[in-house]
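The values are calculated or read from the model by the stated rules, or taken from the named source; none is laboratory data. Small disclaimer: the values here were computed from a predicted structure and weren't measured. Glycine gets a Cβ as well: all are built from the backbone with ideal geometry, and neighbour counts include every protein chain shown. SASA here: full protein model, heavy atoms, side chains in, ligands and nucleic acids out. Shrake-Rupley method; radii C 1.70, N 1.55, O 1.52, S 1.80 Å.
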Amino acid sequence: MTADTIVAIATPPGRGGVGIIRLSGPQAYSIAVSLNGNKTLNPRLATFCSFYSISEKEILTPPHSLIDQGIMIYFKAPHSFTGEDVIEIQAHGSPVVLDMLTKACIQLGARMARPGEFSERAFLNDKIDLTQAEAIADLIQASSQTAARMALKSLQGEFSNKINQLNEKIIYLRLYVEAAIDFPDEEIDFLNDGKVAHLLTNILTELEEIRAQANQGVILREGLSVVIAGRPNAGKSTLINCLAGRDVAIVTEIAGTTRDIMREHILLDDIPLHIIDTAGLRDSDDPVEKEGIKRAWQELKKADCVLLVVDMNDLEHHYSLSQEIKSALPPEVPIITVFNKIDTLERSAEIHGHTVYLSAKSGEGIDGLKQVIKMVVGYQPNEGHFIARRRHLLALDEAKNLLVTGQQQLTEHRAGELLAEDLRQAHQCLCEITGEFSSDDLLGRIFSSFCIGK
């Protein structure tokens, strides 16, 4: 429990029918009672109250000036979100009124909460773990219904439970391996009886399944950066207009119309796509166009997926440009080749692996392109998934690498001591996901990204 009491407006900025202020800490109840004119509050019951201003002269000399009327709800520790005494004040949603009430709470002994401090206190008081705390922010920021449902699954502990179950299996294996090390003179060779290898294989299989589900959660939470590239007049701007469903980029017959980066955000079956249109890639003496081409290459190197647009009537430079783009990208970044303007050749829309034939002008073949995008990034809609973050994937990858190394120590060297150390480190990596082992720097980075009032 902390010694100070925090306060913050919990509703978004602006005007509304209702505005909510939260108090949490040891003085929350006394501050609320002073604010409502000494009216008793019963735990978990909504109480209609008048709220009074508290100036320096009025603190000890009531009656005070009336600010508003509304509802107070008292959540007595430890039965609250933060695990501390919590007061929720529901007033009219005027920014002026909410500001006056917040200032009154501060004059009575509270301080302004930092971003995410309510959630941080819930974590520090063991009301939620770190993945659940992150899921609160993800639920608030969800950009689609699927993302919201998956964030709720994480908030309810589905992701945490999977990590904890995996950790229990690693702990059991650690005990088994360390027992074999401590009792080397036993008749049974525990390291060579096949049980350790079998358990380790099962753990790696389960970790891979969790990692695949977490990757889906990262895609839904963060979205994908999809860069449209190609030579001038290939139809890149027409394609971004088609994907966006509206005219976001200027389209002309003049080569080099697009000079700067054009960005548009769309939802593709609940996947947030950050579509980026770039300048046509060619040699140019125009200083403005050269800067646009430079920026295009910069965006390509940051892409999660590239749409290489090719004019069906201009295939001369396709192979060389394709090779140049491939050499500039990491090998894991998928490139979808989009042969555009099939309408000018009376050709039908087709899909061949990572190659799509379409007409961005008429829209023929666009649905096929969308399916290929989902396929190449590995997205598989599944309500059993949960929301996740990049740091979770990094921790899972590090744990997998350690377990694979331990597996090699077992099969090649029968080195029980080295296997035990790899298991210990893998266990710690997974504990960092839920926050069982967390540095202060990590907690600071996570909670500082939350909105104030959460």
- Item | Rel. contact order, % - alpha carbon contacts under 8 angstrom, at least six apart, the chain | 17 percent
- Note on the structure: Filtering the chain for DSSP H helices with an axial alpha carbon extent of at least 30 Å and a Kyte-Doolittle mean of at least -1.0 returns 158-182, 195-222
- Message: Let me spell out the model: positive unit charges on the Cβ of Lys and Arg, negative unit charges on the Cβ of Asp and Glu, origin at the Cα centre of the chain. What dipole size does that give, in debye rounded to 20?
- Response: 1720 debye
- Accessible area in the full protein assembly, largest first, 1.4 Å probe, for His354, His427, His318: His354, His318, His427
- Item | Global geometry of region 6-129, whether rounded, prolate or oblate, following the gyration tensor of its Cα atoms and the 1.5 cut on a/c | prolate
- Message: I'd like the distance between the alpha-carbon centres of region 2-17 and region 283-336, rounded to an integer number of Å.
- Response: 48 Å
- Task: Please get the size of the charge dipole for region 73-231, origin at its Cα centre, with Cβ charges of +1 on Lys and Arg and -1 on Asp and Glu, quoted in debye to the nearest 20.
- Result: 1180 debye
- At a 1.4 Å probe radius, carbon and sulfur cover how many percent of the accessible area of region 6-129? 58 percent
- Task: Calculate what fraction, in whole %, of the accessible area of region 231-377 sits on carbon and sulfur atoms when a 1.4 Å probe is rolled over the protein chains.
- Result: 48 percent
- Item | Residue list for region 213-232, given a label point 7 angstrom along the Cα-to-Cβ vector of Gln380 and an amide N cut-off under 17 Å | 213-220
- Item | Total charge dipole magnitude, region 231-377, about the Cα centre, Cβ charges on Lys, Arg, Asp, Glu only, Debye to nearest 20 | 280 debye
- Message: With n ≥ 4 as the cut-off for DSSP H runs, can you work out [θ] at 222 nm for the chain, using -39500 (n - 2.57) per run divided by the number of residues, rounded to the nearest 500?
- Response: -14000 deg cm²/dmol
- Put Thr47, Thr201 in order of accessible area, largest first, probe 1.4 Å, and you get Thr201, Thr47
- Query: What shape does the chain take by its C-alpha gyration tensor, where a ≥ b ≥ c are the square roots of the eigenvalues and a/c under 1.5 counts as rounded, a/b above b/c as prolate, and the rest as oblate?
  - Reply: oblate
- Solvent accessible area, Å² - Tyr176, 1.4 Å probe, full protein context: 40 Å²
- Query: Just the accessible area per residue of the chain, please: how many Å² with a 1.4 Å probe?
  - Reply: 49 Å²
- Query: Along the charge dipole of region 231-377, Cβ charges K/R +1 and D/E -1, which of Ser237, Thr344, Ile293 sits furthest on the positive end?
  - Reply: Ile293
- Please name which of Leu166, Ala151, Leu130 has its Cα lying farthest along the dipole of region 98-178 towards the positive end, using unit charges on Cβ (Lys, Arg +1; Asp, Glu -1) and the Cα centre as origin. Ala151
- Cα gyration tensor of region 231-377, axes a ≥ b ≥ c as square roots of the eigenvalues: rounded (a/c below 1.5), prolate (a/b > b/c) or oblate? rounded
